[in-house]
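Trainee: Pasting in a structure now, in structure tokens, and then I'll have a few things to ask.
The values are calculated or read from the model by the stated rules, or taken from the named source; none is laboratory data. All values derive from a computational prediction rather than experimental measurement. Here Cβ is always computed from backbone atoms with ideal geometry, including for glycine, and neighbour counts include all displayed protein chains. Accessible surface areas use protein heavy atoms only, side chains included; no ligands, DNA or RNA. Shrake-Rupley method; radii C 1.70, N 1.55, O 1.52, S 1.80 Å.
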Amino acid sequence: MGHKNTLLTVSEQTGYSVSTVSRVLSGKARKYRISREAEEKITAEAERLNYQPNLIAQTLRTQQSKTIGLLIPSVDNPFFATLSGIIIGILNAKGYHTLLADSRESGKDEIQELRMFMSRSVDGIICIPASSTPDFHEQVSSQIPMVLVDRHFKSTSLSYVCTDNYAGARMATEYLLSKGYKSILAIQGVPDSMPNRERVRGFKDAIGVHGVAYSVVGDAFSVENGKREVLNAFSGAQKQFDSVFAFSSTILLGAIDSLRRLGLRPGKDVGIISYDNNGFLDFMDPAVTRVEQPLREAGQIAVDTLFEIMGARRAGHPDPPSRQILIPPTLVVRGSC
């Protein structure tokens, strides 16, 4: 068995006390007025020895694991991957690790992952919920601070920060109508998810009294869903539409693939608009008009809100007032409609 390097090993090799070594390696050299020379010598020796702190002992001593649980509905979805990357970067800058879990859009799996977070003693949780009710989330939040991001429950005491999905879908639909489109195929994602419900509501309210033909179809935020629904709508004698509103960039990719297989030109034969902004959409032919969600702003607010709750609880204070924020999206206009 290999020798495990400890604080004592670093202390013996440098000649400084264990307490001095511990203070330097925990980033507290300035606080305890430890000399720059000592700090550099201890840091260099720790790196040479590949010293790894005992996180379990550290957690027991400080009552902090320096780890945040991040629960998302699908690691395969580029939207959630992008949002996760933003949140992980913000947490890393604060000196925190991230424990990432995937609920696979399952309320049952979500409960299992939240229980896993509790067993790992994470300091806080950021969650994109898949469940239909907040009951278990609120139970967990009574023990571990939790903030929701991207999705929220209709009635909950939990803090959340989301894009205004209703406003985004209404804005996109009104843009299609302003361009003269008369029949719109809206391909939705997971029907019971909060963002999808709000996008459907915004879409239908924008249609309003305009008298245009429309259909809302689909069942997942996936490429396969986009492919299938376009084939169903445009193949053979099926009803034709002059435009498609994809409720996510993954749905969009599938829709465009099927349109091209059918010999239809996106942006010319059929107008295309999408929810979600990904950089690759500008490199498509034509570049795609889409609704952009302010992911960095949402991620920053979610982290800041979580840390406010964590700080209050560590100080023995009541939780700060719940923050429930809807951020307005923007429309990125390109050549697809």
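Trainee: Counting only protein chains, not ligands or nucleic acids, how are 182, 66, 154 ordered by accessible area (probe 1.4 Å), most first?
Mentor: 154, 182, 66
Trainee: Tell me the carbon and sulfur percent of the accessible area for the chain, rounded to whole percent, probe radius 1.4 Å.
Mentor: Result for the chain: 50 percent of the exposed heavy-atom area is carbon or sulfur.
Trainee: Treating only the Cβ atoms of Lys and Arg (+1) and Asp and Glu (-1) as charged, compute the dipole magnitude of segment 257-337 about its Cα centre; round to the nearest 20 debye.
Mentor: In total the dipole reaches around 160 debye.
Trainee: Nearest 20 debye, what's the magnitude of the dipole of segment 120-248 about its Cα centre given +1 on Lys and Arg Cβ and -1 on Asp and Glu Cβ?
Mentor: 400 debye
Trainee: Over segment 257-311, what lengths in whole Å, largest first, do the semi-axes of the equivalent ellipsoid take, defined as the square roots of 5 times the eigenvalues of the alpha-carbon gyration tensor?
Mentor: 38, 9, 8
Trainee: Once you have all Cα-Cα distances for segment 148-291, histogram them in 10 Å bins from zero and send the whole-percent values.
Mentor: Result, from short to long distances: 12, 44, 34, 9, 2, 0 percent.
Trainee: Quick one: putting +1 on the C-beta of Lys and Arg, -1 on the C-beta of Asp and Glu, what dipole do you get for the chain around its Cα centre, in Debye to the nearest 20?
Mentor: 400 debye
Trainee: Here is a follow-up. Picking from 187, 255, 243, whose Cα lies most toward the positive end of the charge dipole for segment 176-260 (charges on Cβ: Lys, Arg +1; Asp, Glu -1)?
Mentor: 243
Trainee: Follow-up question, since we're still on this one. Counting only residues 5 or more places away or on other chains, whose amide H sits under 5 Å from the amide H of residue 98 once H atoms are built in the peptide plane?
Mentor: 68
Trainee: Using +1 at the Cβ of each Lys and Arg and -1 at the Cβ of each Asp and Glu in segment 21-150, identify which of 78, 127, 27 lies farthest towards the dipole's positive end.
Mentor: The Cα lying farthest towards the positive end belongs to 27.
Trainee: With a ≥ b ≥ c the root eigenvalues of the C-alpha gyration tensor of segment 64-110, is it rounded (a/c under 1.5), prolate (a/b larger than b/c) or oblate?
Mentor: Taking the square roots of the gyration eigenvalues as a ≥ b ≥ c, segment 64-110 is oblate.
Trainee: From the backbone phi of segment 226-234, what are the Karplus-calculated ³J(HN,Hα) couplings (6.51 cos²θ - 1.76 cosθ + 1.60, θ = phi - 60°) in whole Hz, Gly and Pro given as x?
Mentor: x, 4, 4, 5, 5, 4, 5, 7, 10
Trainee: Each residue of segment 151-161 in turn: what ³J(HN,Hα) in whole Hz from Karplus with 6.51, -1.76, 1.60 and θ = phi - 60°, glycine and Pro shown as x?
Mentor: 10, 9, 9, 4, 9, 7, 8, 5, 6, 8, 9
Trainee: Give a residue-ordered list of calculated ³J(HN,Hα) values for segment 19-33 (Karplus: 6.51 cos²θ - 1.76 cosθ + 1.60, θ = phi - 60°; whole Hz; x for Gly, Pro).
Mentor: Karplus values, whole Hz, x for Gly and Pro: 5, 5, 4, 4, 5, 5, 6, 9, x, 10, 4, 5, 4, 9, 6.
Trainee: Does anyone have the angle between helix 165-178 and the longest principal axis of the chain? Alpha-carbon axes, 0 to 90°, nearest 10?
Mentor: 30 degrees
Trainee: Residues of the chain: accessible area per residue at 1.4 Å, in Å²?
Mentor: 49 Å²
Trainee: Using a Cα distance threshold of under 19 Å, what count of lysine pairs results for the chain when pairs must be 8 or more residues apart or interchain?
Mentor: Qualifying lysine pairs in the chain: 14.
Trainee: State whether the chain is rounded, prolate or oblate according to the following rule on the C-alpha gyration tensor (a ≥ b ≥ c being the square roots of its eigenvalues): a/c under 1.5 gives rounded; otherwise a/b larger than b/c gives prolate, and the remaining case gives oblate.
Mentor: Prolate shape, in that a/c is at least 1.5 and a/b is the bigger ratio.
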